[in-house]
Amino acid sequence: MLDTRHSANDQWSPSIRHSWSIRLLLAALLGFASEVLLWTSPTTRPIFDWGLLALGYLALSSLLLELAARFRLRDVFGLLALAGIYGMLNGLILNPDSALIDVPRTLITRAMGAHAATGLIALALFLLLTRGGLRSRMTAIAALGLTLIVGVGWGAWARWSPVEFAGLDASTPESLALVACISMALIALTLAAARRVSAPVDLRLDARGWAFTLIVLIGLLVIHLAQGAIDPLSLAIIVTLTIFSIMICWFQQRKKGMTLLDPVGSEPPSWAPVLLLIIVFAAAGVVGFSLPRGELSRDPLALIGALFTAYGLIWLPAVSIVLGARAFSRQARAMRL
């Protein structure tokens, strides 16, 4: 049922503004992950398309945080399921022209692979920023290492993937720098708004939030269907797998215990580690951009593509087995089998 806890009188109450600032931060991170890290030809998109994408990423962000809060996701496997749901819906609703161009191959490599993998990176960074995770030295070091790897991969992928997969000219350093700077500026603005949140916020959607989310997602789906970008097979497969993933999250929920979102908004992040991550990412991107393509075993594009494919094939079975086993074990204990 829709959450109707907020009345018309508190439409702009601080708690609602705070919750939407958190959703905007995740939307900015997801947009950066799927549009910049995966380099889905961002410099060739019309302005109108960017407006629709902005609404789409905010709607997806709202849906993901609703699922995380409603089903009390609490560990890495819950995060994997959430990222998988994001990847499939992104491929269906936001980027079907590239993610569904050759089903089932690109459904696995791009929607369930590339978009889900970068979505996982965005969700992990979101939790680090909103839970004060970068204040821990060990966590900060791990984040720097991951940023270094992602930056190198981004530089190589953004340079060579347009040539290999889209038949376009290789990206230029100027285009990469411009888009990355704009994206990071948007993330910084949303992060500044999220820093004003000094207490945990409720990220469950109320009636108005649900209305916005569903209208945007269904509206974008209808637009792409009308344009012929989505075929019936892709629609059936993604809807089925998404429902299956949501059911997995539902079966693993518990009424008690800590969740991933419990401390969100309680510890505003410091700017220093964020700036360090940006510097490391930019430097690593320069290194990745300079990597040449060689034989298959030394081709950075082939390596990244293989990793995306492997991720797309593995995450759903792994999550199903682990969370399914946990749910069965819990039910067995309750029934004393």
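Compute the accessible area per residue over the chain, keeping the other protein chains in place, probe 1.4 Å, unit Å².
Accessible area per residue, the chain: 49 Å².
What net charge is computed for the residues neighbouring Gly113, neighbours being all others with C-beta under 14 Å from the C-beta of Gly113, Lys and Arg scored +1, Asp and Glu -1?
Numbers: positive: Arg105, Arg110; negative: Asp102.
Neighbour charge sum, excluding Gly113 itself: +1.
Accessible surface of Asp169 in the full protein assembly, 1.4 angstrom probe, to the nearest 10 Å²?
Accessible area of Asp169: about 140 Å².
Compute the helix-to-body angle for 14-31: its Cα long axis versus the longest principal axis of the chain, expressed 0 to 90° and rounded to tens.
30
Ignoring ligands, DNA and RNA, how do Met258, Met247 rank by accessible area with a 1.4 Å probe, largest first?
Numbers: Met258 130, Met247 90 Å².
So, going from the largest accessible area down, we get Met258, Met247.
Once you compute Rg and the Kirkwood Rh from C-alpha atoms, what is the Rg to Rh ratio for the range 70-202?
Details: Rg = 16.8 Å, Rh = 16.9 Å.
For the range 70-202, the value is 0.99.
Where does each of Ile47, Ile248, Ile101 land when they are ordered by accessible area, with a 1.4 Å probe and the largest first?
Solvent-accessible surface, decreasing: Ile47, Ile101, Ile248.
Ignoring ligands, DNA and RNA, what percent of the accessible area of the chain is carbon or sulfur (1.4 Å)?
C and S fraction of accessible area: 71 percent.
What residues qualify as long-range amide H neighbours of Asp206, i.e. H under 5 Å apart, gap of 5 or more or another chain, H built at 1.01 Å from N?
Under 5 Å from the amide H of Asp206 lies no amide H from a residue far enough along the sequence or on another chain.
Using only alpha carbon pairs under 8 Å that are at least six residues apart, calculate the relative contact order of the chain and give it in whole percent.
That works out to 33 percent.
Each residue of the range 177-189 in order: what ³J(HN,Hα) in whole Hz does its phi give by Karplus 6.51 cos²θ - 1.76 cosθ + 1.60, θ = phi - 60°, with x for Gly and Pro?
Along the range 177-189, the couplings run 5, 5, 5, 4, 5, 4, 5, 5, 5, 5, 4, 5, 5 Hz.
Where does the chain land at 222 nm, in deg cm²/dmol rounded to the nearest 500, when only DSSP H runs of n ≥ 4 count, each adding -39500 (n - 2.57), divided by all residues?
-22500 deg cm²/dmol
Could you report the accessible area of Met184 in Å², rounded to 10, computed with a 1.4 Å probe on the protein chains as they sit in the structure?
It works out to around 40 Å².
Using only Cα atoms, tell me the angle between helix 47-70 and the longest principal axis of the chain; keep it within 0 to 90° and round to the nearest 10.
That helix lies at roughly 40 degrees to the long axis.
Give me the angle, in degrees from 0 to 90, between the Cα long axis of helix 76-89 and the longest principal axis of the Cα atoms of the chain, rounded to the nearest 10.
60
Multiply the residue separation of Trp50 and Ala177 by 0.36 nm, subtract the distance between their alpha-carbon atoms, and state the gained length in nm to one decimal.
43.9 nm
If you project the alpha carbons of the range 133-185 onto the principal axes, what extent comes out on each, in Å, largest first?
For the range 133-185, the Cα extents along the three principal axes come out at 44, 23, 14 Å.
What do you get for Rg/Rh of the chain when both radii come from the Cα atoms and Rh is the Kirkwood radius?
Over the Cα atoms of the chain, Rg/Rh equals 0.96.
The values are calculated or read from the model by the stated rules, or taken from the named source; none is laboratory data. Every value quoted in this text rests on a predicted model; they were computed, and no experiment measured them. Please note: Cβ atoms are built from the backbone with ideal geometry, for glycine as well, and neighbour counts cover all protein chains shown. Each accessible area value is taken on the protein alone, full model and side chains, heavy atoms only, with ligands, DNA and RNA left out. Shrake-Rupley method; radii C 1.70, N 1.55, O 1.52, S 1.80 Å.
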